[in-house]
Amino acid sequence: MTTLAIVLTGGRSSRMGGTHKPALRVAGETIIDHVVRAVRRAEPSAAVIVAGSAEGLTTEATVVSEDPPFSGPLAGVAAALAAVPTSPQRRVLILGGDMPFIGPRVIHRLLEALATGSDAASACDSSRRLQFLCAAWSEGALRARLGALGEVNGVRFGALYDGVDPVLIDADVTEIADIDTPEDFAWARAAIGDGNRDTRNTAPRIH
């Protein structure tokens, strides 16, 4: 079964003062490169599409842009799917481009969850809060949901899950934390700088 990974990088990064979050460096690597490489480690044959800005990207991936720019993550997903032929049996990963510690373990578990015949799987933390931008979908179900929504520009991403009961994959909050603010970025750098520090209770909350 083939896999497509959509990595979303189209936000304005307004809470970072306009600094493009995926291009920030943690442990000498841009966050977007880390996310793409995590996908490659989990699924070496996966096709990877970055939807949004390519700033900070040095690894191989196809880049598309939502139309118009900054029209939201759902528009980014739609743009990525429009760039490839339809393949209803394909598995589609949806990942935020600002997760500095996402790794193959979570990605594997998301993809394995689809083997049960579920339409979607999403990572969640210990409080059962979903990380919408760390998920896997069957392509047929994903295209059907986008079609049902119709307009996707500016629509909240959670609307994609309306009426859908995703399999929940437990993950350490550090693994699926995203970077939204300078404080989040400082936390990520501190977590890398002190390998003995337990960051599970200090990681940014899932937004």
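Any read-out appearing in this document is the output of simple, stated calculations on the displayed coordinates, not a laboratory observation. None of the values given here were measured: they were computed from a predicted structure. Heads up, the Cβs are rebuilt from the backbone with ideal geometry, glycines too, and the neighbour counts pull from every protein chain shown.
Indicate the gyration tensor shape class of region 1-46 (rounded, prolate or oblate), computed on the Cα atoms with a ≥ b ≥ c the square roots of the eigenvalues: a/c under 1.5 is rounded; otherwise a/b larger than b/c is prolate and the rest oblate.
oblate
Between rounded, prolate and oblate, where does region 87-180 land on the alpha carbon gyration tensor, with a ≥ b ≥ c its root eigenvalues, rounded for a/c under 1.5, else prolate if a/b exceeds b/c?
Because a/c hits 1.5 or more and a/b fails to exceed b/c, region 87-180 counts as oblate.
Suppose only helical runs count, i.e. DSSP H with n ≥ 4. What mean residue ellipticity at 222 nm does that imply for the chain under -39500 (n - 2.57) per run, divided by all residues and rounded to the nearest 500 deg cm²/dmol?
Mean residue ellipticity at 222 nm (helix-derived): -8500 deg cm²/dmol.
5 Å is the cut-off here: which amide hydrogens, built 1.01 Å from N in the peptide plane, fall below it relative to residue 63, excluding neighbours closer than 5 in sequence?
Sorted by chain and number, the residues that satisfy this are 50.
Restricting the calculation to Cα positions, tell me the Rg (one decimal) and the Dmax (whole number) of the chain in Å.
15.8, 48
Could you work out the local net charge near residue 9, counting Lys and Arg as +1, Asp and Glu as -1, over the other residues with Cβ closer than 14 Å to its Cβ?
Local charge sum for residue 9: -4.
Can you tell me which of 53-61, 170-178 comes out highest on packing, and rank the rest after it, using the mean Cβ neighbours within 10 Å?
So the order, starting with the most tightly packed, is 170-178, 53-61.
Kindly state, to the nearest 0.05, the FRET efficiency for residue 45 paired with residue 144, given R0 = 30 Å and r defined as their beta-carbon distance.
Once rounded, the FRET efficiency stands at 0.75.
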